[in-house]
Amino acid sequence: MYVAGQLSGKALTLVSPRLKQANRHVYQTVAELYDHLSELYGDPNKEWNARQAFKDLTIKKTDTFQEFYDEFLQHMANGNISPRDLRGELNDKLTWKLQELVGVYYMDLAIITIQFTQYCTTVDQLHWSRFDKRGLNQRKLESVTATTRPAKPVAQPRALTTERPTEPVQRAPPRQPLELKCYNCFETGYMSKDCP
């Protein structure tokens, strides 16, 4: 009765007659009810479709690693894919930049898949926080505004004159030196090769 209470619409209409004790086809167990619903609404190709989606899955430039990994695990579960060591499969689906940043961890055979995913998450967050102090979601905003931003007008060529410009020439501000960050202990001021 609890399961039937969670149903509505056509599903409830199809199930209701078999909930009555007087019906010849009454459900004897909850498993029979689930089997009947699966027969009515189940996707026989769900596993195959999930395996195809898993095979085609790659991380998008606007996704964080965690968003990508959620989808990765969902397709893995729906496709009934063996939870063997999936480091190679996972690494192949990353962006080339993230592959480059986590390459040391990928090559270390002592690191298991769950540790590799933790390194990917940490490195992805650190890498993007260097470029955007306001948060990871800013990437999505920038990708949307980049596609909706109007094109820059084409500059018209100037007529040749012998007069000198009267306005002062503006110079670009001096560049700030890059702040070094250690990828070993994540402290600033030195690189990982000089890490104490």
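Quick notes
Residues are listed down the side, and each one gets a yes or a no for (1) touching a Leu at 6+ places or on another chain (Cβ under 7 Å); (2) of a type in the set (Lys, Arg); (3) surrounded by 13 or more Cβ atoms within 10 Å (Cβ to Cβ):
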residue: Ala31; (1), (2), (3): no, no, no
residue: Thr64; (1), (2), (3): yes, no, yes
residue: Tyr69; (1), (2), (3): no, no, yes
residue: Met76; (1), (2), (3): no, no, yes
residue: Gly88; (1), (2), (3): no, no, no
residue: Leu94; (1), (2), (3): no, no, yes
residue: Gln115; (1), (2), (3): no, no, yes
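- Qualifying residue in segment 2-17 (condition: loosely packed, with under 14 Cβ neighbours inside 10 Å, touching a helix residue (DSSP H, G or I) at 6+ places or on another chain (Cβ under 8 Å) and at pLDDT below 80): yes
- Helices (runs of 4 or more DSSP H) (entirely within segment 29-115) containing at least 3 residues that are more than 30 Å from Thr13 (Cβ to Cβ): 46-56, 65-78, 87-92, 96-101, 103-107
- Residue within segment 45-62 that is touching a residue at least 40 places away in the same chain (Cβ under 8 Å) and either assigned by TED's automatic domain parsing to the domain that holds Val102 or closer than 17 Å to Ala77 by Cβ (or both) present: yes
- Breaking point among (1) of a type in the set (S, T, N, Q); (2) more than 26 Å from Asp124 (Cβ to Cβ); (3) at pLDDT 85 or above, for Gln99: (2)
The values are calculated or read from the model by the stated rules, or taken from the named source; none is laboratory data. Just so you know, these numbers come straight off a predicted model, no measurement behind them. Counting neighbours? That spans all protein chains shown, and the Cβs are built from the backbone with ideal geometry, glycine included.
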